[in-house]
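Single-structure report; data block below.
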Amino acid sequence: MPDLELRQLTYLIAVAETGSITRAAQRLRITQPALSRAVKTLERTVGVPLFLRRPHATELTAAGSVLLGEAYELVGRAGRAVERARDTRTLQVAVAGCDVLTVMATARAAGVPAQIVPFDWKMDLAQLRSGAVDVALLRDCFDRDGLHFVPVSTEPRVMVLSDNHPLAGTAAPTLAEVRDAPIACLRGMSPAERAHWAGADVDTRPWRPGPEVAGVSELITELRLGRSIAFVPASALHDVGDPAAPLPGIVTRPVEGLSPSRLEAAVATTDPAVRDFAYRLSSEVVERDRFPGVPQQ
């Protein structure tokens, strides 16, 4: 059996389509002498001439035309085999606890094996950029450098506070009406994150920073003690089993003028399988060949 390589068949296709060793080398981004040697090696492997080399063009022989038809089929089948193999791998999806159900439902519907990589409130994006994580579901004001992303959902934010807090008796205050209440902040927030978190991206008047907490558990404790309030996505503090039931000791109130929370699926790779899963997470219609907000090559 001839010892053919897919790479050699790719070279055959390029030379046949361009009609020139030089132009084919430019398309393949290799040197012209290297391509010439590869074509001669292919001809020795097959045992017959594949090209007629003329002064201004390189044409296929009858044998070359036969092999070209098979080359298209073999290269195409190899590509489809790789795609099918990729589809069987388990995607690593980083997600905060409140968004786990979104990922699980999408993975089941798409038939895509997904391993959930949970994080508390802020993910180490180095994991995404290094490829340790394939997809991350991120909310609001994350560092977008080098990432591609699609919108997943937008939901209102609500004020969360102790059921004994003075503001708990207010049905639907405006943002200005709650400005005197200390707002608990999560440690390590960037200035943009803090502004959005406190509603200062809409109402730029001064606000009262409350205690800084390390994570969601500490935040809930602060809220229950009645020492501060917070603004969170409407779904964030609900029990997994009953979305209508907030956590014990905590109440939620809508706040007029508060900016919403936007959930997005971010990836750092051009892998079609990974990007397809990110598209499946999106609730909005987006172009399949690009990610919004990212300059295209």
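For region 241-284, taking the residues that are more than 24 Å from residue 142 (Cα to Cα) and out of contact with any strand residue (DSSP E or B) (no Cβ under 9 Å at 6 or more places or on another chain), the one that is modelled with the highest pLDDT is identified as 248. Taking the criterion of being within 22 Å of residue 76 (Cα to Cα) and more than 38 Å from the chain's Cα centre (by Cα), the residues of region 22-40 that qualify are 38, 39. Mind listing just one residue for me: the one in region 40-58 that is of a type outside the set (A, V, I, L, M) and modelled with pLDDT of 90 or more and, of those, surrounded by the most Cβ atoms within 10 Å (Cβ to Cβ)? So the residue we want is 51. Summed over region 139-156, the residues that are touching a residue at least 60 places away in the same chain (Cβ under 8 Å) and in contact with a helix residue (DSSP H, G or I) (Cβ under 9 Å, 6 or more places away or on another chain) give a count of 10. So which residues in region 69-119 are crowded, with 17+ Cβ neighbours inside 10 Å and either modelled with pLDDT under 85 or farther than 26 Å from residue 235 by Cβ (or both), if there are any at all? Hits for region 69-119 are 71, 98, 99, 102, 103, 106, 107, 112, 114.
The values are calculated or read from the model by the stated rules, or taken from the named source; none is laboratory data. These numbers were taken from a predicted model, which means no experiment stands behind them. Don't worry about glycine lacking a Cβ; one is built from the backbone with ideal geometry, like all the others, and counts go over all protein chains shown.
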